[in-house]
Amino acid sequence: MSSRRAFIKSGAVAVFGIGMGGIPAFVAKAAQLYKAEQLYKKKKILICIFQRGAMDGLMAVTPFTDEFLKAARPTIFMSPVRKGNATPLIDLDGRFGLHPSFAAFEMLFKNKQLSIVHGIGSPNNSRSHFDAQDYMETGTPFFKSTPTGWLNRAIGLMGHEATPFRAVSITPSTPRSFYGPNATISVTNLNDFSLRPAKNKIDVNSTAKSFEDLYDQTTNEMFHSAGKETFEAVNMLSGIDVKKYTPANGSEYPKSNLGNAMKQLAQLIKADVGLEIGFAESTGWDTHFNQGTERGTFARNASDLANSITAFWTDLGGAYQDEVTIMTMTEFGRTVKQNGTGGTDHGRASCNFIIGNHLNGGNVFGDIKPLAIENLEDGRDLAVTTDFRTVFSEVATKHLMLKNNETLFPDWNGKDLNIMKSI
């Protein structure tokens, strides 16, 4: 964060990367004398992944029996029928087919640990990436100026004491959904998680007796504002050997930004530092040209997403899977008709994935009508038939056991889809 204003706006703990040096000596010395009391019992954990750029839901989960879609996509339409050396769709239920690069999801679907919602999107018809992402992350699709994000509001509704690691985003900056008064942490790499004191304010060889002493010594405004929660967070993390982490159950994470983020979230969960909401990003979904079929831009992104999530899920194993639900989101979908450069343009509805042990899984939820022009939004797009708040609300309230849905999503009172089982 570059300013105190940014710190206050996001409600985030002030943490900084200092390269590969790890936790500085003055913090490590104080950590040996300071024992952070864990203020939580085992709680449910929600992991959200934002697919930035707008995923083509019709390619991710294709209604392959729809002749209108086939006609609209002469070179990028895919079928579950094998033709030559081409890799076919994975037939889920006789109507919808999973893109082959999402193959890692097939067993989760069969095991009823994966639910898909199709036709999901925002009631606001903006096709601007930035606006649509803001609307989705604030949870107020007609009020872009809402100061808080829906995940920050969820934190405020939990109603119990927590550690500084309650909400962690493994991203370069604080996501809009984390903005608000409740403390969160955003960090790119746990290897670099540390505090950066004001120059000439704290002796790096300090022999302070506790983090409180270090806190009292600093007069730097933003560092002081971070408060004792920051010291507690660094102390808790100092016990995790991030660099030597070995994933369990033969799990192999992709060597990508998302794969790295998911691996670090798994580390935090297993370290029992009190994580309850985790956030990561998958980028590159803006497929205006050369979208491809079984190979290409879409396929690479799909493979990375599916393999990162399934590696994380496998790594958690039975000891943690019952506590965790994963949910993806994307700002909007793509046009039904392909464009002249082998891609698809900004559209309306897409689909999302929910993974967990407490789902009515193995189902594709949502109302998708035949893609004839009279059923398309503005004559060109898959219509939004499920407001994103319907899904976000049900997953968050049932999994995290939140009570006040009106605070979580103001001006919305829709009905659940019964994606989640009642706990």
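Rounded, prolate or oblate: which one fits the range 100-180, using the alpha carbon gyration tensor with axes a ≥ b ≥ c (rounded when a/c is under 1.5, else prolate when a/b beats b/c, else oblate)?
oblate
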Practice prompt. Could you work out how far apart the two model spin labels at Lys83 and Thr246 are, taking each label as a point 7 Å from the Cα in the direction of the beta carbon, and quote it in nm?
Written response: 4.8 nm
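Which net charge results for the neighbourhood of Ala154, defined as the other residues with beta-carbon distances under 15 angstrom from its beta-carbon, given Lys and Arg at +1 and Asp and Glu at -1? Kindly include the intermediate steps, with their values, before the conclusion.
Values: positive: Lys43, Lys44, Arg153, Arg166, Arg176, Arg389, Lys398, Lys403; negative: Glu137, Glu276, Glu394, Glu406.
In short, +4.
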Worksheet item: For the range 287-311 and the range 367-390, what is the separation of their Cα centres, given in Å?
Response: 23 Å
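Mind giving me the FRET efficiency for Ala372 and Ser173? R0 is 45 Å, r the Cβ-Cβ distance, nearest 0.05 is fine. Kindly include the intermediate steps, with their values, before the conclusion.
Working: r = 42 Å, r/R0 = 0.94.
After rounding, the FRET efficiency stands at 0.60.
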Worksheet item: Taking other Cβ within 10 Å of each residue's Cβ, how do Ser128, Ser145 sort, fewest first?
Response: Ser145, Ser128
Worksheet entry | Label zone at Asn418, where the point sits 7 Å out along the Cα-to-Cβ direction: the range 95-116 residues whose backbone N lies under 17 Å | 115-116
Practice prompt. Provide the gained length on full extension for the span Asp93 to His288, in nm with one decimal, where the gain is 0.36 nm per separating residue minus the Cα-Cα distance.
Written response: 67.3 nm
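With r defined as the distance between the Cβ atoms of Asp272 and Asn191 and R0 fixed at 22 Å, what FRET efficiency is calculated, to the nearest 0.05?
Values: r = 20 Å, r/R0 = 0.89.
Result of the calculation: an efficiency of 0.65.
Laboratory data are not the source of any read-out in this text; all were calculated from the coordinates shown. Given the structure is predicted, the values throughout are model-derived calculations rather than measurements. Please note: Cβ atoms are built from the backbone with ideal geometry, for glycine as well, and neighbour counts cover all protein chains shown.
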